[in-house]
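The next block holds one structure in the form of structure tokens; read it before the comments.
Bear in mind these aren't lab numbers, they're just calculated from the coordinates by the rules spelled out. This structure is a prediction, so every number in the text was calculated from the model and none was measured. Ideal geometry is used to build each Cβ from the backbone, glycine not excepted, and the neighbour counts take in all protein chains shown.
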Amino acid sequence: MRLTCTAVIAAIAGLTSCTTNRPLPDAAQVGSLIAYVQALRRETSTLLDTVVAATTASTQETAEYSAWGDHWCPRHVDVQSTDDVLRKVGTYCARLGGTFQEPYCTQTTAPDRVLFFAKFQRGIDLCQGVAATVSIQIVEPKPGMLQSAAYVDRLRTYGYRTGDDRAREAIAAQRVVAAEQARLARELPLLQTRGTRVCQKQAGLIFLGFVEDISGTKIKISIQETYFGTGRGKELGMRNPNFRAETVWDQPDHWYVCE
């Protein structure tokens, strides 16, 4: 029997919209989040996606952690979107005694301990519109390696900071503020003196000018040149030939002496 184009299109549409109700993997029966999500990937795929899901990206294995990432097109009655998979990952995290706030599952009783990293990529369509694309990247420690240096360093590559990291960064920030306050106290008399050569860094440029006048808390600056660079003093970088001189009133603490 010959099928008309309309019939063929209808048949294809029926296939691409097909969903499955296969049993989902039991989180209690797998030994890792990666294994669990890989099983979810297989069991929530249908039709040709099943063939694709039978293969997967390789898992990076080190002595301290495992890392894996891939995408798929879930069409299961209970799992059809990133949010559905995210909830499954959150439940898995809770089963480990953690709290999941993407991308980190942290130990509830010790929030500085990351039980695993799971980041979803959104706003992509790798399923040609027939299903939602779920894309995930996972990093999880090997048993006993939750606080290992290599695992924590891998987390840092994604922006994670331990409590110690945050404390060190806070101290460093305080030192920067203190140094800036000391500089301003040292330079303020010159910044409020007519004729002082001053500079300002902004958006990758260095503006160079001279103090022309003082009024209240502001100084009048005649900006003569701009340079591409981030140096100080004589390290001004390449001059911007397109800049035209201008005059501004500004707070002196926005500028520094570059005599």
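List of remarks:
- Within the chain, helix-based [θ] at 222 nm, where runs of 4 or more DSSP H residues each add -39,500 (n - 2.57), nearest 500: -10000 deg cm²/dmol
- Straightening the chain between residue 194 and residue 21 buys 54.3 nm, computed as 0.36 nm per residue apart minus the Cα-Cα spacing.
- Once the Cα gyration tensor of segment 24-166 is diagonalised, semi-axes √(5λ) in Å: 27, 15, 14
- Label-point separation, residue 203 to residue 228 (7 Å along Cα→Cβ), nm: 1.6 nm
- Within the chain, the selection of entire DSSP H helices by a Cα span of 27 Å or greater along the long axis and an average Kyte-Doolittle value of at least -0.5 returns 163-191.
- Stretch gain in nm, segment residue 101-residue 158, where the contour uses 0.36 nm per residue and the Cα spacing is subtracted: 19.1 nm
- In the chain the Cα-Cα distances spread across 10 Å bins starting at 0 as 6, 20, 18, 12, 14, 16, 10, 4, 1, 0 percent of all pairs.
- By the rule of a C-alpha distance below 20 Å, with chain neighbours fewer than 8 residues away ignored, the lysines paired with residue 119 are 88, 142.
- With θ taken as phi - 60° and the Karplus curve 6.51 cos²θ - 1.76 cosθ + 1.60 applied, the whole-hertz 3J(HN,Hα) list for segment 112-118 is 7, 9, 9, 6, 6, 10, 9 Hz, x standing for glycine and proline.
- Neighbourhood net charge (12 Å Cβ-Cβ; Lys/Arg +1, Asp/Glu -1) for residue 121: -1
- For the chain, the longest site-free run once trypsin sites (Lys or Arg not before Pro) in DSSP loop states with at most 16 other Cβ atoms within 10 Å are removed: 3-121
- Annotation for segment 132-202: chymotrypsin sites (Phe, Trp or Tyr not before Pro) lying in DSSP loop with at most 15 further Cβ atoms inside 10 Å of their Cβ are 158.
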